[in-house]
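Accompanying notes for the structure given below.
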Amino acid sequence: MSRADLTLLPEWQALQQHCNLLETRHLRELFAADPKRGERLVAEATGLYLDYSKQRVDDEALRLLRALAEARGLKGRIAAMFRGERINSTENRAVLHVALRAPRGEKILVDGHDVVPDVHDVLDRMAAFADQVRGGAWKGHSGKAMRNVVSIGIGGSDLGPVMAYEALRDCSRRDMTFRFVSNVDGTDFAEAVRDLDAAETLFIICSKTFTTLETLSNAHAARAWCVEALGDERAVAKHFVAVSTAAAEVEKFGIDTKQMFGFWDWVGGRYSMDSAIGLSTMIAIGPDRFHDMLAGFHAMDEHFRSAPFDKNLPVLMGLIGLWNANFLDAATVAVLPYEQYLKRFPAYLQQLTMESNGKHVTLDGAHVDYATGPIYWGEPGTNGQHSFYQLIHQGTRLVPCDFIGFGQTLNPVPALHADGKPGGDQHDLLIANLIAQGEALAFGKTAEEVRAEGTPEALVPHRSFEGNRPSTTILAERLTPFALGSLIALYEHSVFVQGAIWDIDSFDQWGVELGKQLARTTIAELTAATEPKLAHDSSTNALIRRYRALRDG
Ligand code: F6P
C-alpha cells in the first residue's frame with residue numbers, strides 16, 4: 001500500500017464510521033452523558049492548560065485518532081526530526097528548529113556534526129551585540145548610540161520578529177523604537193523611517209537566502225536613506241547588520257560578514273524566529289529574556305518528544321485539527337487570542353500553518369484524496385466578537401476556534417460595569433468573554449429557551465443558536481517570554497503531527513515560486529520604455545496595458 005492511501009487504512013475507515021455515529025450527538029448530549037467531561041478532556045504541560053472538551057470528539061474518536069497516528073508512524077517521524085534526519089525530502093534537508101533552543105551541552109548531530117555548540121556561538125554573539133546596542137556602547141557613524149532598530153525581512157524573516165516584539169512589548173526597551181519593514185510597497189519603508197534620525201538608527205537585514213526581492217529592495221532603500229542622511233558611504237558599517245545563511249550574498253550587498261549573524265539550512269524560514277532572525281527580539285527584550293523564551297520552546301519540545309500521545313498537547317491539538325478538517329469537513333481554524341499583545345499571533349500562525357501544510361501531494365508525489373492544511377485566520381478578542389463571530393455562531397459553515405487567554409493581565413485597569421458600578425479588573429471582563437464564547441458556541445440556545453424568554457414567535461428562529469460548534473481553549477498564567485515560546489512550539493509541533501499523518505512535506509514551500517517567477521517577467525514588461533510585445537492571456541495583457549496607462553497618465 002502506498003503511503004498516499006491514507007483513506008484506505010482501517011484506522012481511517014473506522015474514524016469515518018465513528019464520525020457518522022458521533023455526528024448525531026450534540027455537544028450538549030456529550031456533556032450531559034459525562035459530567036466530568038470538562039475536567040477529563042484536558043491536558044497540561046509547560047504551564048499551558050489545554051481544554052479540548054468542547055471539541056466534537058469522544059473517547060473512541062480520540063483512541064482511533066491515536067491509532068491512526070501510530071499507523072502513520074508518528075513516533076518514528078518525531079524521533080527522525082530530533083535525530084537530524086533529512087525529513088524535508090524535497091529540499092534534502094534536516095529540520096532542526098528544535099536545535100535552536102537546545103540547552104548548551106545537549107548534542108544534536110547533522111551529518112555527524114554536533115550543531116548545538118554552533119547555535120550557542122551565534123546566540124552568544126547576538127547577546128554581546130544586543131548588550132552593546134542596549135547599553136549604548138554601539139555607536140553610529142556620527143558617534144551617537146542607537147535608539148531605533150528597523151528590521152527588514154519578509155515571511156519567516158519578519159512575521160516571527162514582529163509577532164514576538166508585539167507579544168513581549170511589556171518587557172521591551174520602551175526608550176527605543178522598533179519598526180519592521182516587509183512589503184515591497186515603498187510605503188512600508190517610507191512610513192517606518194519617516195520620523196527617525198538616521199544617526200541613531202540600526203538596520204537589521206534578515207534574509208535566509210539574501211536574494212529575496214522584497215527584502216533586497218527595502219535594504220537598498222534603507223542604505224540610500226542612511227547614506228544620504230549621514231553623507232557618507234562608510235556609515236553602512238555602523239548602521240547595518242545582516243542575518244542570513246548566505247555569507248557571499250551578504251558580502252555582495254556590502255555588509256561586512258563580521259557583522260553577519262548566521263544560521264543554517266536546517267532552519268526553515270517560518271521556524272526561524274529563535275535563530276539569529278530573532279536579533280531584533282533580543283535587542284528589544286534583552287538576552288536573558290530571550291533565553292527564557294527559548295526555554296519555553298525547549299520545554300514544549302521535550303514534552304512533544306516524550307509525553308504519551310493521550311497527554312501530549314501538540315499531538316492532541318494536531319489530531320483534533322485533523323479530525324475537524326478531514327471528518328467534520330471544516331475548512332478553517334479561527335485563532336482568537338484574548339490578549340492584546342498577541343495581536344499579530346494569527347498572522348504569524350498563517351505562515352507557520354499554511355506554508356507548512358498547504359500541500360496537495362504526498363512525499364512520493366502522489367495526489368492526495370483528502371483535505372490537508374486548513375485556512376488559519378483570526379483577530380484578538382473581543383474585537384472579533386463585534387465583527388465575524390456572527391458567522392461562527394449562526395452561519396452555515398463550521399469554524400473550529402482556538403481561544404487563548406491568560407490568568408493575569410500585564411496591564412491592570414479597574415473595571416467599570418455597564419451599570420456604572422466599579423468592580424474587578426477589565427481583565428475579568430475580557431476573560432469572561434473568552435469563556436462565554438466557548439460556552440455559547442458549544443451549547444447554543446434552543447428554540448424552547450428562546451420562547452421561554454417571551455420572544456415573539458417570528459423571531460425565534462433568528463434568535464436561536466444551534467450550538468455544537470467546536471473550540472479549544474488554551475490558558476496560561478501570564479504572557480511571559482517562556483509562555484510565548486511554549487505556545488509557539490505547541491503550534492509548530494501540531495503542524496508537524498498533521499503533516500506526518502497526511503504524509504506531506506511540511507517544510508518546503510514550492511508553492512510560492514511560480515508567482516515569483518512570473519513577477520520577474522512582468523516587472524520587465526511594466527518597466528520597458530515602450531509597450532513590449534505581450535504574450536500572456538488576454539486578461540494579463542490587458543492588466544499590464546491598463547497599469548502602464550494609469551501610471552503614465
Ligand atoms: O515566501 C517564501 C519564503 O521562502 C518563506 O518561506 C521565507 O520565510 C520568506 O520567503 C523569506 O525568505 P528569505 O528569508 O530567504 O528572505
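The values are calculated or read from the model by the stated rules, or taken from the named source; none is laboratory data. The structure displayed is predicted, hence computed values, not measured ones. A quick note on method: Cβ atoms are made from the backbone with ideal geometry, for glycine too, and the neighbour counts reach across all protein chains shown. To get the accessible areas, we keep the full protein, side chains included, count just its heavy atoms, and leave off ligands, DNA and RNA. Shrake-Rupley method; radii C 1.70, N 1.55, O 1.52, S 1.80 Å.
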Restricting the search to the stretch 239-252, which residues are more than 29 Å from the chain's Cα centre (by Cα) and either without any contact (Cβ under 8 Å) to a residue 12 or more places away in the chain or open to solvent by 30 Å² or more (accessible area, probe 1.4 Å) (or both)? A248, E251, K252
Conditions (1) in a loop (DSSP other than H, G, I, E, B); (2) within 17 Å of V241 (Cβ to Cβ): number failed by T211: (2)
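Yes/no matrix, rows are residues, columns are (1) within 16 Å of the ligand (Cβ to nearest atom); (2) within 12 Å of H239 (Cβ to Cβ):
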residue	(1), (2)
K144	no, yes
V149	no, yes
L159	yes, no
R174	no, no
S182	yes, no
L196	no, yes
Suppose we keep only residues that are touching a Gly at 6+ places or on another chain (Cβ under 9 Å) and under 10 Å from K359 (Cα atoms) within the stretch 508-534. Which one would you say is most open to solvent (accessible area, probe 1.4 Å)? G511
When restricted to R83, R66, the only residue at pLDDT 95 or above, farther than 17 Å from N326 by Cβ and not aliphatic (A, V, I, L, M) is R83
Can you pull out the residues in the stretch 138-177 that are assigned to a strand (DSSP E or B) and either aliphatic (A, V, I, L, M) or over 30 Å from S356 (Cα atoms) (or both)? K139, A145, N148, V149, V150, I152, T177
On the given criteria, is R63 part of a loop (DSSP other than H, G, I, E, B) and open to solvent by 40 Å² or more (accessible area, probe 1.4 Å)? no
Could you identify the single residue in T446, T472, T455 that is open to solvent by 30 Å² or more (accessible area, probe 1.4 Å), hydroxyl-bearing (S, T, Y), out of contact with any Gly (no Cβ under 6 Å at 6 or more places or on another chain) and modelled with pLDDT of 95 or more? T446
Is there a residue in the stretch 221-238 that is within 14 Å of the ligand (Cβ to nearest atom) and surrounded by fewer than 18 Cβ atoms within 10 Å (Cβ to Cβ)? no
Selection within the stretch 385-409 - touching a residue at least 40 places away in the same chain (Cβ under 8 Å) and in a helix (DSSP H, G or I): Q385, Y389, I392, H393, Q394
Answer with yes or no whether E477 is closer than 27 Å to H393 by Cα, more than 16 Å from the ligand (Cβ to nearest atom), out of contact with any helix residue (DSSP H, G or I) (no Cβ under 6 Å at 6 or more places or on another chain) and not aromatic (F, W, Y). no
How many residues does the stretch 189-208 hold that are part of a helix (DSSP H, G or I) and either within 21 Å of the chain's Cα centre (by Cα) or closer than 24 Å to E251 by Cα (or both)? 4
Which numbered condition L213 misses (of (1) within 14 Å of the ligand (Cβ to nearest atom); (2) buried (at least 17 other Cβ atoms within 10 Å of the Cβ)): (2)
Matching option when the condition is in contact with a helix residue (DSSP H, G or I) (Cβ under 7 Å, 6 or more places away or on another chain) and either open to solvent by 10 Å² or more (accessible area, probe 1.4 Å) or farther than 30 Å from V512 by Cα (or both), among S142, S151: S142
Assess whether I255 counts as being open to solvent by less than 10 Å² (accessible area, probe 1.4 Å) and under 29 Å from the mean Cα position of the chain (by Cα). no
The lone condition L30 fails out of (1) open to solvent by 40 Å² or more (accessible area, probe 1.4 Å); (2) free of Cβ contacts under 8 Å to residues at least 60 places away in the same chain is (1)
Within the stretch 256-293, track down each residue that is over 14 Å from M126 (Cα atoms) and hydrophobic (A, V, I, L, M, F, W, C). W264, W266, V267, M293
Test result for I205, near the ligand (Cβ under 10 Å from one of its atoms) and under 24 Å from V119 (Cα atoms): yes
Taking the stretch 258-283 and keeping residues assigned to a helix (DSSP H, G or I), within 13 Å of the ligand (Cβ to nearest atom) and over 16 Å from the mean Cα position of the chain (by Cα) leaves A276
For the stretch 192-210, what are the residues that are under 28 Å from D274 (Cβ atoms) and either polar (S, T, N, Q) or open to solvent by 30 Å² or more (accessible area, probe 1.4 Å) (or both)? E200, T201, S207, K208, T209
Please determine whether any residue of the stretch 338-355 is open to solvent by 20 Å² or more (accessible area, probe 1.4 Å), of a type in the set (F, W, Y), modelled with pLDDT of 95 or more and part of a helix (DSSP H, G or I). yes
For D508, which of the numbered conditions (1) touching a strand residue (DSSP E or B) at 6+ places or on another chain (Cβ under 9 Å); (2) without any contact (Cβ under 8 Å) to a residue 40 or more places away in the chain fails to hold? (2)
